[in-house]
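Colleague: I'd like to ask some things about the structure below.
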Amino acid sequence: MQPAKYATMMKIPRPAALIFDLDGTLLDTEPLYTTAAQKVMDPYGATYTMALKRQAMGGDSRRSAQLAIDHGQLPLSVDEYLQQREVHLRDLFADAAEMPDAGRFITAAGATTIPLGLATSSHQHLCELKLSNKPWRRHFQTIVCGDHPALRQGKPAPDIFLLCAATMGVNPRACIAFEDSPNGIQAATAAGMTVIAINSPYVEAEQLSDAVLVIDSYQELLPLLQQWQTVDL
């Protein structure tokens, strides 16, 4: 790690809670969403482009569906598009790979007294499928999904992060959020949270500029976690 990046990281104070996005942040599911979306578009001769991917990722699923429908001029409603996409996603999610060292970091963070939350645009049944084979799921005190009944607006609105913090009983301004998408970073920043971003091949570097730190692997954060643990002693 570069000295300047390490120095920045070690200045981040111990948070009241760590709140994570899921897709592209803890699990490498973004390629799976692209594959499934393209399968829906194939019969209509449309292409799920990188530009569309960048616009849609990290946001509310219905908004992302409408973007895809408009882009491909698909003769589908939002519900029809999502239903067709889900057929393909169900075959892909159970074996979704982790982002580099994500499971190791969650397990290590779970051994501290810092509470962990999950704020994902995924609907609950899909979130459960993605996490079904992940032993570190048990470390999350709170999971707020995109179809939570109290959620009024999805990302990039701050609602999901504010709801997660409120459910955990912590001040959102004392939380650190982990995100990979511009929509997610915008949502967490609007909620008043400090943001650590995970590098993504789908996102330009300047789109991560609101994050206090950008990492390639959670292994980079282990020294910071060790520093936070000393506060517990």
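The values are calculated or read from the model by the stated rules, or taken from the named source; none is laboratory data. Quick caveat, the model's predicted, so the values are computed rather than measured. With ideal geometry, Cβ positions are generated from the backbone for all residues, glycine too; neighbour counts draw on all protein chains shown. What goes into the accessible areas is simple: the full protein's heavy atoms, side chains included, and nothing from ligands, DNA or RNA. Shrake-Rupley method; radii C 1.70, N 1.55, O 1.52, S 1.80 Å.
Colleague: State to the nearest 20 debye the size of the charge dipole of the range 46-156 about its Cα centre, where the only charges are +1 on K and R beta carbons and -1 on D and E beta carbons. Kindly include the intermediate steps, with their values, before the conclusion.
Modeller: Numbers: 13 positive and 11 negative charges, 66 e Å.
Computed about the Cα centre, the dipole is about 320 debye.
Colleague: Right, another one. Return the ratio Rg/(2.2 N^0.38 Å) for the range 151-233, where Rg is computed over Cα atoms only.
Modeller: Working: Rg = 13.5 Å, N = 83, 2.2 N^0.38 = 11.8 Å.
Its radius of gyration relative to the 2.2 N^0.38 Å reference: 1.15.
Colleague: Report relative contact order for the chain in percent, whole number only (criteria: Cα-Cα under 8 Å, sequence separation at least 6). Mind showing how you got there, number by number?
Modeller: Numbers: 396 pairs, mean separation 60.0, N = 233.
That works out to 26 percent.
Colleague: For the range 1-79, compute the orientation-averaged projected area of the C-alpha convex hull (one quarter of its surface), in nm².
Modeller: Numbers: hull surface 30.1 nm².
So the mean shadow area of the Cα hull is 7.5 nm².
Colleague: So, one more: So for the chain, taking the charge dipole from beta-carbon charges (+1 Lys/Arg, -1 Asp/Glu), which of L163, P43, P100 sits furthest toward the positive end?
Modeller: Farthest towards the positive pole: L163.
Colleague: Another question, if that's okay. Whenever you get a sec, compute what percent of the accessible area on the chain sits on carbon and sulfur atoms (1.4 Å probe). Don't skip to the end; give the middle numbers.
Modeller: Numbers: 5180 of 10390 Å².
That share works out to 50 percent.
Colleague: May I ask for log10 I(q)/I(0) of the chain at q = 0.08, 0.09, 0.15 Å⁻¹, from a Debye sum over the Cα atoms as equal point scatterers with solvent left out?
Modeller: -0.28, -0.36, -0.98
Colleague: For the chain, what proportion of DSSP beta bridges, expressed in % and rounded to the nearest 5, is antiparallel? If you can, show how the numbers build up before the last one.
Modeller: Numbers: 1 of 20 bridges.
Beta bridges within the chain, antiparallel portion: roughly 5 percent.
Colleague: How big is the charge dipole of the chain about its Cα centre, in debye rounded to the nearest 20, if each Lys and Arg gets +1 on its Cβ and each Asp and Glu gets -1 on its Cβ? Don't jump to the answer; show the numbers that get you there.
Modeller: On the way: 18 positive and 25 negative charges, 105 e Å.
Dipole of the chain, to the nearest 20 debye: 500 debye.
Colleague: Using the Cα atoms as the points, what is the convex hull volume per residue of the range 70-111 in Å³? Intermediate results must be reported in sequence, preceding the final value.
Modeller: Values: hull volume 5.4 nm³, N = 42.
So the per-residue hull volume is 129 Å³.
Colleague: Let me ask something else about it. Enumerate the lysines that K155 could reach by cross-link, defined here as Cα to Cα under 24 Å, with residues fewer than 8 away along the same chain left out.
Modeller: Straight-distance partners of K155: K53, K130.
Colleague: Let me ask something else. How large is the dipole of the range 130-223 about the Cα centre if only Lys and Arg carry +1 and Asp and Glu carry -1, each at its Cβ, rounded to the nearest 20 debye? Provide the component values of the computation, followed by the final result.
Modeller: On the way: 7 positive and 9 negative charges, 111 e Å.
Its charge dipole is roughly 540 debye.
Colleague: Would you mind getting the accessible area per residue of the chain, heavy atoms of the protein chains only, 1.4 Å probe, in Å²?
Modeller: On the way: 10390 Å² over 233 residues.
Per residue, the chain has an accessible area of 45 Å².
Colleague: More than 12 angstrom separation, counting every C-alpha pair in the range 120-162; what % is that?
Modeller: Numbers: 545 of 903 pairs.
Value for the range 120-162: 60 percent of Cα pairs lie more than 12 Å apart.
Colleague: Okay, next question. Looking at the chain, which longest stretch skips every one of the trypsin sites (Lys or Arg not before Pro) that is in a DSSP loop with at most 15 other Cβ atoms within 10 Å, leaving the sites themselves out? Before the final figure, lay out the partial values.
Modeller: Numbers: sites that count: K11, R152.
After excluding every exposed loop site, the longest remaining stretch is 12-151.
Colleague: Suppose only helical runs count, i.e. DSSP H with n ≥ 4. What mean residue ellipticity at 222 nm does that imply for the chain under -39500 (n - 2.57) per run, divided by all residues and rounded to the nearest 500 deg cm²/dmol?
Modeller: Values: 10 runs with 102 residues, N = 233.
Helix-only estimate at 222 nm: -13000 deg cm²/dmol.
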